[in-house]
Amino acid sequence: MFEVLVYVYENYWRGDACPEPQQLGRKLTAVGFEADEIQEALRWLDGLHLASHKAEHNLEPQLGTPPAQPASSMLALPATESLRVYSVAEQDHLGAECLGFVSFLETAGILAPSMREIVLDRAMAANGNPVTLDDLKIIILMVYWSFGEEPDALVLDELCDDASDRIAH
């Protein structure tokens, strides 16, 4: 599935530039991806689209105006001073390395709490137990992509660079 996501990221500059799922599925088949990989990626992308669409509507409330949706249907947006406690299932599925990387991005101001929640949601929806750090980086890129944003150059380098080739000083 992650190869399909990388292909989509590289070939469609924003989430809203991506074709509809049926057309995208045909294009991915023509490129040579397996049908089961395509279906898994399309389900994952559909979940990403729903989460980012919901977050976009909830992130832009007008000051003094109550939200158009009842609070129970809104994506819970964490306060900036809140503390995120990971469930046992999240700890098991993501592993210490991925959770540490998410924490690093968040404390560096690169990953807002609302985007973190979407990253965690999509990571929990991904295969792998635990999810690898490389796969998590693809998920983070896809979350930025779904909002039509590109991380700055240093962050993009960190997300795309293979750390195993680095030599420690």
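The values are calculated or read from the model by the stated rules, or taken from the named source; none is laboratory data. Computed from a predicted structure; not experimentally measured. In this analysis, Cβ positions are derived from the backbone assuming ideal geometry, glycine residues included, and neighbour counts consider all displayed protein chains.
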Write out, first by first residue and then by second, each pair whose Cβ atoms fall under 8 Å of each other, whose residues are 6+ apart or on separate chains, and whose first residue, in segment 16-33, is within 12 Å of Val4 (Cβ to Cβ) while the second is among the aromatic types (Phe, Trp, Tyr) and assigned to a helix (DSSP H, G or I). Leu28/Tyr7; Val31/Tyr7; Phe33/Tyr7
Give me the helices (runs of 4 or more DSSP H) completely within segment 1-70, filtered to those with at least 2 residues that are modelled with pLDDT under 80, ordered by residue number. 35-59
Segment 127-153 residues that are among the hydroxyl-bearing types (Ser, Thr, Tyr), paired with ones that are in a loop (DSSP other than H, G, I, E, B) (beta carbon under 8 Å, 6 or more apart): Tyr144/Glu150; Tyr144/Pro151
